[in-house]
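Notes for the one structure printed next.
Just so it is clear, none of the values below were taken in a lab; they were calculated from the coordinates. On a predicted model such as this, the values are computed, not experimentally measured, just so you know. We place every Cβ from the backbone using ideal geometry, glycine too, and count neighbours over all the protein chains shown.
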Amino acid sequence: MEKLDSLREYKEKRKFDKTPEPAGIVKSSAGKLIFVVQKHDASRLHYDFRLEIDGVLKSWAVPKGPSLNPKDKRLAVMTEDHPLDYADFEGVIPEGYGAGTVMVWDRGTVEGAGDPLDKGLEKGHMSFILKGKKLRGDWSLVQLKGRGDKNWLLMKKQDGFAGEEDVLVSKPDSVLSGKSLKDITGN
Ligand code: MN
C-alpha cells in the first residue's frame, strides 16, 4: 500500500499541465536497477542523486555535487521520491516547484554491495556500486543522526575509480544529449 502512495508528494508538488516533467507512475526497470544524477540549475545549482528502489527513484539533493575523493563527505538531503521515467528528463521547468534547467549529468546502473538497497535505506547506511559514465565503483550514503532525519552524507569509497579529479568541472555536460546547461536552457 505504501508503494502505491510513494509518489503522492511528487504529484502534489507539480502541475502537469505546466511542467514538462513526467507524471508519476510507480514501475520498475526491466533489467538492472538504475541511478541518475541530474544537474539542476534551480534557485541554487545542485545535483539530484537518484537510486531506483521499489519502483521509484529515491532522491537526494546534493548541494556541492558528488566527489570522487573519498575524503569528501557531501551533504545529501533526502527529497521526495521521483518516478522512474524522471531518469530521462532533461529540459526546462518553466515555473513553480523546481523551476530551472535540468540536465542528465550521469546515468547508469546500481547494485547494492552487501545489503540490498532497500534494506540499506531502512538502516540508514547504504553501500552500492555505480556503473555510470562519470561515477563508477563503490559509494556509500549514510544517514546522519537517526531514523527520519533527511540529512545523509554521500561518499566515494577508496577504489580504482576514486581520485582527486573534480569531475563536476572536468565533465560538466549531459550524458544524454552532450549538451551544456546553457544549450539546454536555450540561451
Ligand atoms: Mn533539484
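Working out 0.36 nm times the residue gap between K182 and E122, then minus their Cα-Cα distance, what length gain in nm do you get to one decimal? Once the chain is fully extended between K182 and E122, it gains 17.8 nm.
If R0 equals 30 Å, the separation of the Cβ atoms of A99 and D166 corresponds to a calculated FRET efficiency of about 0.65. Between amide H atoms placed 1.01 Å from N, distances below 5 Å from A113 occur with S127, F128, I129, all of them 5 or more places distant or on a separate chain.
Positive end of the dipole of segment 3-185 (Cβ unit charges, origin at the Cα centre): among P70, Y47, V167, the Cα lying farthest that way belongs to P70. Projecting the Cα atoms of L176, P20, W60 onto the charge dipole of the chain, computed from C-beta unit charges around the Cα centre, puts W60 farthest toward the positive end.
Determine the calculated [θ] at 222 nm for the chain from helices alone, applying -39500 (n - 2.57) to every DSSP H run no shorter than 4 residues and normalising by the residue count; nearest 500 deg cm²/dmol. If you can, show how the numbers build up before the last one.
Values: 5 runs with 25 residues, N = 187.
That calculation yields -2500 deg cm²/dmol at 222 nm.
Fully extending the segment from E12 to D159 would add 48.8 nm, taking 0.36 nm per residue of separation and subtracting the current Cα-Cα distance.
With the biggest extent put first, the Cα atoms of the chain measure 43, 43, 33 Å across the principal axes.
The mean sequence distance of close C-alpha pairs (under 8 Å, at least 6 residues apart), as a share of the length of the chain, puts its relative contact order at 21 percent.
Between L45 and D149, what is the FRET efficiency for a Förster distance of 25 Å, r being their Cβ-Cβ separation, to the nearest 0.05? Write out the running numbers ahead of the final one.
Working: r = 24 Å, r/R0 = 0.97.
Computed FRET efficiency for L45 and D149 comes out at 0.55.
Result for the chain in a Gaussian network model with C-alpha springs under 10 Å: among H82, H40, H125, the largest mean-square fluctuation is at H125.
Under a point-charge model restricted to the Cβ atoms of Lys and Arg (+1) and Asp and Glu (-1), what is the dipole moment magnitude of the chain relative to its Cα centre, in debye to the nearest 20?
Result for the chain is approximately 300 debye, rounded to the nearest 20.
Taking the charge dipole of the chain about its Cα centre, with +1 at Lys and Arg Cβ atoms and -1 at Asp and Glu Cβ atoms, the residue from Q38, G108, S127 reaching farthest to the positive side is S127.
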